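Enquirer: Attaching a single structure in structure tokens format; questions to follow.
The values are calculated or read from the model by the stated rules, or taken from the named source; none is laboratory data. None of these values were measured; they are calculated from a predicted model. Virtual Cβ from ideal backbone geometry, glycine too; neighbours counted across all protein chains shown.
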Amino acid sequence: MPIVNRVADLHAEITAWRRQIHAHPELLYDVHRTAALVADKLKSFGCDDVVAGIGRTGVVGVIRGRKAGAKVIGLRADMDALPIEEATGLPYKSTVPGKMHACGHDGHTAMLLGAAKYLAETRNFAGTAIVIFQPAEEGGAGAQAMVRDGLISRFGIEEVFGMHNYPGLPMGEFAIRAGAMMAAADHITINLEGVGGHAARPHLAVDTVLVGAQIVNQLQSIVARNVDPLQAAVISICMFQAGHADNVIPQHARLRGTARSLSPEIRDLLQKRVREVVEGTARLYGAKAELTYSIGYPVMVNEERQTALAAAVAGEIAGADKVDTDCPPVMGAEDFAFMLQERPGAFIFVGNGASAGLHHPAYDFNDEAIPIGTSYWVRLAETALAG
Ligand SMILES: [Zn+2]
Ligand SMILES: [Zn+2]
């Protein structure tokens with residue numbers, strides 16, 4: 001595998017950074033320690049500019065090539081961890097109870113730092129590479145916060161690229177697709193009010209457990225009977241809270257879940273039908289339903305041209321036969337979608353081998369992916385900015 005030689009030399013150093021970040025996970029925007037480490041390293045590499053505090057705790061490094069060129073591209077990594085108790089038993093495991101890097105953002109941050117070090121050393125490109133380290137990917141829309149804080153206009157970014165590790169994709173392989181690659185994820189909260197009462201006298205009550213159960217069932221009919229079977233959609237109700245005793249019909253119930261889609265049309269359809277089904281079902285049983293349907297991360301759409309470039313660079317590193325250029329979309333969401341709404345670009349998956357899944361307490365980023373992902377970043381910058 002043609003790993004960039006200098007990147008291979010940096011493998012141990014990047015691994016040490018990755019494990020250091022892994023041991024000190026931070027959540028959402030509260031990534032002060034990680035952001036400080038990133039900013040310190042970027043300065044020590046001799047980046048032309050290092051700007052912290054974009055989108056609250058985001059960090060940006062500016063690296064100008066030594067050849068003449070005006071093009072500017074952004075390479076983005078995420079820095080935040082998850083509220084999960086780590087169960088890996090690794091020597092560098094989380095030192096913070098209840099928090100862990102279970103999505104590999106430690107690896108993403110370390111690989112992009114490695115790329116920044118290489119790019120600042122060699123500068124073998126025309127134009128400017130902007131390395132972007134964002135907070136709050138895990139539900140906090142940190143990418144959107146950075147965009148709103150002027151990330152794109154301030155640095156003149158013309159194209160954006162992102163990467164995520166992928167458990168189950170073999171080590172040394174990549175996967176990408178043009179078009180919609182990850183789902184829009186919206187949030188459903190339903191507060192039900194019925195009439196509480198004695199379990200033995202249900203005729204005098206309006207049972208919110210029964211109404212809630214009907215709503216959970218009816219919502220599934222949206223995907224089964226309203227969405228074109230050739231389109232993708234998911235509705236999952238993942239929380240159902242009601243009651244506190246086996247002989248009391250609860251007055252209130254609360255349900256929460258997520259609705260996911262790969263196109264704006266299906267996204268609108270889900271929103272409309274969820275409201276009709278929730279309100280209609282509650283009315284049918286004499287309960288009151290208050291639905292909060294909040295719009296989350298948008299569909300993540302890869303642009304054709306940048307996807308072809310990303311796939312070609314990945315093929316150069318891994319071998320063309322190790323790059324799936326038409327991988328199926330996934331219904332997970334990714335807030336890099338906010339950057340892709342602003343500028344054309346591409347997001348790619350890099351194999352993490354047979355590890356535990358993302359967000360699992362036994363997950364760990366695979367350090368063998370470091371030279372592969374870092375080589376991808378540096379060759380991508382050198383190719384996109386070839387002049
Ligand atoms: Zn995640
Ligand atoms: Zn992630």
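Enquirer: Would it be correct to say that E368 is at pLDDT 95 or above, acidic (D, E), farther than 30 Å from R148 by Cβ and away from ligand 1 (no atom under 16 Å from the Cβ)?
Expert: Yes, satisfied.
Enquirer: Here's another thing I want to ask about it. Quick one: how many residues across the range 159-175 are more than 16 Å from ligand 2 (Cβ to nearest atom) and either modelled with pLDDT under 95 or closer than 18 Å to T374 by Cα (or both)? Don't jump to the end; show me each part of the working.
Expert: We begin by selecting, within the range 159-175, every residue more than 16 Å from ligand 2 (Cβ to nearest atom); these are 159-160, 170-174.
Applying the additional criterion that residues be either modelled with pLDDT under 95 or closer than 18 Å to T374 by Cα (or both) yields 160, 170-174.
Qualifying residue count for the region: 6.
Enquirer: Counting residues that are free of Cβ contacts under 8 Å to residues at least 24 places away in the same chain and surrounded by fewer than 24 Cβ atoms within 10 Å (Cβ to Cβ), which strands (runs of 3 or more DSSP E) fully inside the range 22-141 reach at least 1? Outline the logic, then answer.
Expert: On the way: elements: 49-54, 58-64, 67-78, 126-134.
Of the strands (runs of 3 or more DSSP E) lying wholly inside the range 22-141, those with at least 1 residues that are free of Cβ contacts under 8 Å to residues at least 24 places away in the same chain and surrounded by fewer than 24 Cβ atoms within 10 Å (Cβ to Cβ) span 49-54.
Enquirer: Considering the range 101-142 alone, what residues qualify as being within 13 Å of ligand 1 (Cβ to nearest atom) and of a type in the set (A, V, I, L, M)?
Expert: Answer for the range 101-142, where residues must be within 13 Å of ligand 1 (Cβ to nearest atom) and of a type in the set (A, V, I, L, M): A102, A136.
Enquirer: Sticking with this structure for a sec: Does V350 satisfy the criteria of being surrounded by fewer than 24 Cβ atoms within 10 Å (Cβ to Cβ) and either hydrophobic (A, V, I, L, M, F, W, C) or assigned to a strand (DSSP E or B) (or both)?
Expert: Spelling it out, it is not the case that V350 is surrounded by fewer than 24 Cβ atoms within 10 Å (Cβ to Cβ) and either hydrophobic (A, V, I, L, M, F, W, C) or assigned to a strand (DSSP E or B) (or both).
Enquirer: From the list G140, G89, G127, G156, pick out the single residue that is more than 21 Å from D40 (Cβ to Cβ), at pLDDT 95 or above and within 13 Å of ligand 2 (Cβ to nearest atom). If you could, list the steps in order and put the result at the bottom.
Expert: On the way: G89 fails: within 13 Å of ligand 2 (Cβ to nearest atom); G127 fails: within 13 Å of ligand 2 (Cβ to nearest atom); G156 fails: within 13 Å of ligand 2 (Cβ to nearest atom).
Among G140, G89, G127, G156, only G140 is more than 21 Å from D40 (Cβ to Cβ), at pLDDT 95 or above and within 13 Å of ligand 2 (Cβ to nearest atom).
Enquirer: Here's something else I'd like to know. Quick one: would you say Y363 is out of contact with any strand residue (DSSP E or B) (no Cβ under 7 Å at 6 or more places or on another chain), in contact (Cβ under 8 Å) with a residue 12 or more places away in the chain and of a type in the set (F, W, Y)? Break it down stepwise before answering.
Expert: On the way: out of contact with any strand residue (DSSP E or B) (no Cβ under 7 Å at 6 or more places or on another chain): yes; in contact (Cβ under 8 Å) with a residue 12 or more places away in the chain: yes; of a type in the set (F, W, Y): yes.
Spelling it out, Y363 is indeed out of contact with any strand residue (DSSP E or B) (no Cβ under 7 Å at 6 or more places or on another chain), in contact (Cβ under 8 Å) with a residue 12 or more places away in the chain and of a type in the set (F, W, Y).
Enquirer: Another one. Just to be sure before I move on: is I295 surrounded by fewer than 16 Cβ atoms within 10 Å (Cβ to Cβ), of a type in the set (A, V, I, L, M, F, W, C) and closer than 21 Å to F338 by Cβ in the structure I sent? Write out each step before concluding.
Expert: Values: surrounded by fewer than 16 Cβ atoms within 10 Å (Cβ to Cβ): yes; of a type in the set (A, V, I, L, M, F, W, C): yes; closer than 21 Å to F338 by Cβ: yes.
It is true that I295 is surrounded by fewer than 16 Cβ atoms within 10 Å (Cβ to Cβ), of a type in the set (A, V, I, L, M, F, W, C) and closer than 21 Å to F338 by Cβ.
Enquirer: Report whether or not K41 is within 30 Å of T383 (Cα to Cα), basic (K, R) and more than 16 Å from ligand 1 (Cβ to nearest atom).
Expert: Judged against the criteria, K41 is a match.
Enquirer: Would you confirm whether or not the range 305-320 contains a residue that is within 16 Å of ligand 1 (Cβ to nearest atom), at pLDDT 95 or above and over 30 Å from D228 (Cα atoms)?
Expert: The answer is no; no qualifying residue exists.
Enquirer: Does the range 92-106 hold any residues that are farther than 14 Å from P135 by Cα, within 14 Å of ligand 2 (Cβ to nearest atom) and small (G, A, S), and which are they?
Expert: A102
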